[in-house]
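Undergrad: Dropping a structure here in structure tokens format, bear with me for questions.
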Amino acid sequence: MLSAGAGYVNFYINVPEFGRATLEAVVRGGEGYGRTPGQEGGERVIVEHTSVNPIHPIHIGGARNAIIGDCLARILKASGADVMRHFYIDDVGLQVAQASLGFSKAGGIRQDLKIDHFVGFVYAVTSCAINLKSLKREVERLKAEGKDQEAVDKIREVDDWVAAAADLRSRDEKTFDAVFGAVSGLEDPEGEIARLLQRYEAREEEAVGLIRGLCERTISGFRETLKRAGVFFDSWDWESEVASWNGGAKEAVERLEATEFVRVEEGTMLLDCEAVIEKFGLREKYAIRTEVPPLILRRSDGTTLYTTRDIAYTLWKFGRAERIINVISIEQKLPQLQLKLALHALGRPDLAERLVHFSYELVHLPGYKMSGRRGRYVAFDDVLDEAVARAYQEVSSKSPHLSEAERQRIAELVGIGAVRYAMVSVASHKPLTFTWDRVLNFERNSAPFIQYAHARSCNILAKAGESWRGTQAEYSALSSAYEKALIVSLSTFPERVSDAAKSLKPEDVAAYANDLASTFNLFYDNVPVLKTEDARAKAARLALVDATRIVLANALAMLGIEAPSRM
RNA sequence: GGGUUCGUGGCGCAGACUGGACAGCGCGGCGGCCUCCUAAGUCGUAGGUCGGGGGUUCGAAUCCCCCCGAACCCGCCA
């Protein structure tokens, strides 16, 4: 039936029939409802995400990346794609060499601190020592040249690093003194780091042992954190292996060198991005309104830079998938564009077309700016701990009848669910300001709200037993507005999932789950299920509850959030 | 300085690409609902010049231009 008004067409649905069809489809589909089964020869997609530098623990910004990337992968998989999740380990960067140098001076590791946190500390101390040394030299030079005002500005920077150093020292004097003293005592720490990196790229045994040793340790910490957060990878790609030692970066540079777009200036090799844009008419395609600076492919000392190695890595990934989605923060917008331009320069516009930079905004902290180099960040581990602790308080006060073990189990999945939901539900192009109260809320518009609706549905079903399943359901009994709304919501789930996958908007699944939970709560408060007199009407309502339970669980699964049956 | 993105009630968000039914939701405020399937729920109420100003349109939070504010980028870092 149709009716029109104010330029809109309203549809009315044959509820009993539609209800029957929807509920049967949900129950028949079970865990698969809302999912498109993967097919032989389906699109292979690599989602590269997290890829935190192995020099400090994953902080709250990396957590946003990990959670968005993980949800994206889950949703794409649900829509039928053959998804592989990759973590790119940037072990060929300057920062890793720097952390490794400091680590070699630390005089052993601390057993009482998670290893990636210890590495982060050592890296920050090393970075302080190096920055202070070079800034002080700069100040001397400026003073000698009579540039007093510039010297004053530099002194201000020195003060900032001195403050960072004092803060670090207060955390662990022994390690600080060992690392800071040793690094400051080096005649030319920056040169030493550059040489270490060169030796690593040349795959010299000692350098490999040092850098790999550090990376392996840090990554073992990452794995622990990520596992707890429900984030998993199919592949851990060492930059050294997929871009450097395998000759990939060298080959990419050579191939680019053979094109008309590369030139050498003062020993550095540059890709003329503007020339690429002009040649292939890409200005409009990529909405480029300003001059794109040249991409430096090779340093004057012969080593490669991150984006150069990323070209090689991208080609490597395209050997394994048709589409690549890189979850990388908005800060790297320009290098990601330059990466595409490099593909064009190599004569592979088809690859550029299927390379997606899924960018997300940074996580801010009220009051200060995070800085790995200064050792200032909120670690993902600490966020998870705090979330679970708060959830435990909540569970204990709301469900004191549950056993201690069960309260702990529920606290874990509620706390972590809350963090995941908070991270994925905000559109990724919006900056996120981190505050505990905001991220760890357990009310509506949060994972616990959805989990609670799920637990309620489970509870009704648990009390109903199994006998109703043998009863012929009378779907015409589902006549209230609450029931109709619920049926409509359930029926739209598969479409919502495929839309979210197409538009790469995991937050849409989060919003759907919240809406469904809300719709179910209205039903719950207004329609008594177990008290329904007529057995066939009761069976229909129980089928509706069962279907809701299934869809809530499936939606939560796509967000990597567990669905408890009690809480 | 140039570019990109964002600016929606006290706070946090959705809606914007594909312009249309009173701009939705949560937190916080105020006032209700547990002899009834878990109140992490729910109902009611107050609170909005959709940053500001022009324009396009029958119609603009949504499209265009200008301005203001914030974030990010413009490195032989990643």
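Undergrad: Taking chymotrypsin sites (Phe, Trp or Tyr not before Pro) as exposed when DSSP calls them loop (any state but H, G, I, E, B) and at most 10 other Cβ atoms lie within 10 Å, what is the longest stretch of chain A free of them, the sites themselves excluded?
TA: Working: sites that count: A:12, A:368.
Longest site-free region, per DSSP loop and neighbour criteria: A:13-367.
Undergrad: So, one more: Defining a contact as two alpha carbons under 8 Å apart and six or more residues distant in sequence, what relative contact order in percent does chain A show? Working shown, then result.
TA: Details: 898 pairs, mean separation 111.8, N = 567.
Here the relative contact order equals 20 percent.
Undergrad: Can you pull the accessible area of residue A:503 for me, 1.4 Å probe, Å² to the nearest 10?
TA: Per-residue accessible area (residue A:503): approximately 60 Å².
Undergrad: Let me ask another. On a 1.4 Å probe surface of the protein chains, which of A:467, A:479, A:235 comes out largest in accessible area, and what is the full order?
TA: Numbers: A:467 100, A:479 75, A:235 25 Å².
Highest to lowest solvent-accessible surface, that is A:467, A:479, A:235.
Undergrad: Past 20 Å, Cα to Cα, is the threshold; run A:317/A:340; A:114/A:174; A:463/A:531; A:133/A:369 against it and keep the listed order. List each step's numbers first, then the result.
TA: Working: A:317/A:340 14 Å; A:114/A:174 17 Å; A:463/A:531 11 Å; A:133/A:369 23 Å.
Among A:317/A:340; A:114/A:174; A:463/A:531; A:133/A:369, the Cα-Cα distance tops 20 Å for A:133/A:369.
Undergrad: Here is a follow-up. Which of rounded, prolate or oblate describes the stretch A:229-300 when judged by the alpha-carbon gyration tensor and an a/c cut-off of 1.5?
TA: Cα axes put the stretch A:229-300 in the oblate bin.
Undergrad: Taking every Cα atom in chain A, find the radius of gyration and the maximum pairwise distance Dmax, and write them in Å.
TA: 27.9, 95
Undergrad: Taking the 0 to 90 degree range and rounding to the nearest ten, how far is the long axis of helix A:15-29 tilted relative to the main principal axis of chain A, both from C-alpha atoms?
TA: So the helix axis and the longest Cα principal axis differ by about 50 degrees.
Undergrad: In addition: Could you calculate the contour length gain from residue A:515 to residue A:31, that is, 0.36 nm times the residue separation minus the distance between their Cα atoms, to one decimal place in nm? Before the final figure, lay out each step's value.
TA: Numbers: separation 484, 0.36 × 484 = 174.24 nm, distance 1.95 nm.
Full-extension gain reported as 172.3 nm.
Undergrad: Scattering from the C-alpha atoms of the stretch A:407-501 alone, worked out with Debye: what is log10 I(q)/I(0) at q = 0.11, 0.18, 0.19, 0.21 1/Å?
TA: -0.52, -1.08, -1.13, -1.20
Undergrad: So, one more: Between residue A:283 and residue A:266, 0.36 nm times their residue separation minus their Cα-Cα distance comes to what?
TA: On the way: separation 17, 0.36 × 17 = 6.12 nm, distance 2.84 nm.
Contour length minus the Cα-Cα distance gives 3.3 nm.
Undergrad: Here is a follow-up. Do any trypsin sites (Lys or Arg not before Pro) in the stretch A:419-463 lie in a DSSP loop with no more than 15 other beta carbon atoms within 10 Å, and if so, which? Please report the intermediate quantities before stating the final value.
TA: Values: sites: A:420, A:438, A:444, A:456, A:463; in loops: A:444.
Passing both the DSSP loop test and the Cβ count: A:444.
Undergrad: Specify the angular offset, from 0 to 90 degrees and rounded to the nearest 10, of the alpha carbon long axis of helix A:380-398 from the longest principal axis of the alpha carbons in chain A.
TA: 30
Undergrad: Give, in whole angstrom and from largest to smallest, the semi-axes √(5λ) of the equivalent ellipsoid of the stretch A:326-402, with λ running over the eigenvalues of the Cα gyration tensor.
TA: 42, 18, 8
Undergrad: DSSP loop (so not H, G, I, E, B), at most 11 other Cβ within 10 Å: list which trypsin sites (Lys or Arg not before Pro) in the stretch A:156-221 pass both filters. Walk me through the intermediate numbers first.
TA: Numbers: sites: A:156, A:169, A:171, A:174, A:195, A:199, A:203, A:212, A:217; in loops: A:203.
Filter output for the stretch A:156-221: A:203.
Undergrad: Let me ask you something else. Going Cα to Cα from residue A:154, which aspartates and glutamates come in below 12 Å? Please leave out same-chain ones fewer than 8 positions away.
TA: A:138, A:140
Undergrad: With r as the distance between the Cβ atoms of residue A:403 and residue A:228 and R0 = 22 Å, compute the FRET efficiency 1/(1 + (r/R0)^6) and round to 0.05. Spell out each step's value before the answer.
TA: Working: r = 22 Å, r/R0 = 0.99.
Computed FRET efficiency for residue A:228 and residue A:403 comes out at 0.50.
Undergrad: Ignoring ligands and nucleic acids, what accessible area does residue A:454 show with a 1.4 Å probe (Å², nearest 10)?
TA: My reading of the accessible area for residue A:454 is about 10 Å².
Undergrad: HN-Hα J couplings of the stretch A:110-116 from phi, Karplus 6.51/-1.76/1.60, θ = phi - 60°, integer Hz, Gly and Pro as x?
TA: 8, 7, 8, 10, 4, 4, 5
Undergrad: Continuing with this model, one more query. With unit charges on the beta carbon (Lys/Arg positive, Asp/Glu negative), name the residue among A:276, A:337, A:305 whose Cα is farthest towards the positive pole of the charge dipole of chain A.
TA: Positive-end residue among those listed: A:337.
Undergrad: Report ³J(HN,Hα) in whole Hz for each residue of the stretch A:403-418, in order, from the Karplus equation J = 6.51 cos²θ - 1.76 cosθ + 1.60 where θ = phi - 60°; Gly and Pro get x.
TA: Each residue of the stretch A:403-418 in turn: 5, 4, 4, 5, 4, 5, 5, 5, 4, 4, 6, 6, x, 5, x, 4 Hz.
Undergrad: Work through the residues other than residue A:527 whose Cβ is under 12 Å from its Cβ and net out their charges, Lys, Arg +1 and Asp, Glu -1.
TA: Working: positive: A:484, A:531, A:538, A:541; negative: A:483, A:525.
Every neighbour counted, the sum reads +2.
Undergrad: At a 1.4 Å probe radius, carbon and sulfur cover how many percent of the accessible area of the stretch A:95-223?
TA: Numbers: 3000 of 6290 Å².
Answer for the stretch A:95-223 is 48 percent, counting heavy atoms of protein chains only.
Undergrad: Can you list the HN-Hα couplings for the stretch A:474-488, worked out from phi with the Karplus curve (6.51, -1.76, 1.60; θ = phi - 60°), rounded to whole Hz and with x for Gly and Pro?
TA: Calculated HN-Hα couplings, in order: 9, 5, 5, 6, 7, 9, 6, 4, 5, 5, 4, 4, 5, 4, 4 Hz.
Undergrad: Now for a different question. Take the stretch A:95-223, compute every pairwise Cα distance, and split them into 5 Å bins from 0; I just need the percent in each bin.
TA: Histogramming the stretch A:95-223 at 5 Å steps yields 2, 11, 19, 19, 18, 13, 9, 5, 3, 1, 0 percent.
Undergrad: Okay, moving on. Return one number: the angle in degrees, 0 to 90 and rounded to the nearest 10, between the long axis of the Cα atoms of helix A:205-229 and the longest principal axis of the Cα atoms of chain A.
TA: 20
Undergrad: Still on this model: Please compute the net charge surrounding residue A:554, taking Lys and Arg as +1 and Asp and Glu as -1 over other residues with Cβ under 9 Å from its Cβ.
TA: Working: positive: A:35; negative: A:31.
Charge balance in the 9 Å sphere: 0.
Undergrad: Here is a follow-up. For a quick check of your reading of the filter: which trypsin sites (Lys or Arg not before Pro) in the stretch A:307-406 sit in a DSSP loop and have no more than 14 other Cβ atoms within 10 Å?
TA: Here the sparse-neighbourhood loop sites are A:320, A:369.
Undergrad: Over chain A, with the other protein chains present, what is the accessible area per residue in square angstrom, probe 1.4 angstrom?
TA: Here the per-residue accessible area is 45 Å².
Undergrad: May I pose another question? Just for chain A, what percent of DSSP beta bridges are antiparallel, to the closest 5?
TA: Details: 14 of 35 bridges.
The antiparallel proportion sits near 40 percent.
Undergrad: Give me the tail of P(r) for the stretch A:205-337 as a percent: Cα-Cα pairs with distance above 19 Å.
TA: Working: 5486 of 8778 pairs.
The share of Cα pairs beyond 19 Å in the stretch A:205-337 comes to 62 percent.
Undergrad: Given the C-alpha centroids of the stretch A:36-63 and the stretch A:153-204, what is the distance between them in whole angstrom?
TA: 32
Undergrad: Of chain A, which part is the longest with no GluC sites (Glu not before Pro) in a loop (DSSP not H, G, I, E, B) and with at most 16 other C-beta atoms within 10 angstrom? Numbers along the way, then the final one.
TA: Details: sites that count: A:40, A:43, A:145, A:187, A:204, A:260, A:266, A:284, A:291, A:322, A:443, A:466, A:533.
Between the exposed loop sites, the longest stretch runs A:323-442.
Undergrad: Could you give the length gained on full extension between residue A:462 and residue A:386, defined as 0.36 nm per residue of separation minus the Cα-Cα distance, in nm? Show your work: numbers first, answer last.
TA: On the way: separation 76, 0.36 × 76 = 27.36 nm, distance 3.21 nm.
Taking 0.36 nm per residue and subtracting the Cα distance, the gain is 24.2 nm.
The values are calculated or read from the model by the stated rules, or taken from the named source; none is laboratory data. Just so we're clear, the structure is a prediction, and the values are computed from it rather than from any experiment. With ideal geometry, Cβ positions are generated from the backbone for all residues, glycine too; neighbour counts draw on all protein chains shown. Calculation scope for accessible area: heavy atoms of the full protein, side chains included, ligands and nucleic acids excluded. Shrake-Rupley method; radii C 1.70, N 1.55, O 1.52, S 1.80 Å.
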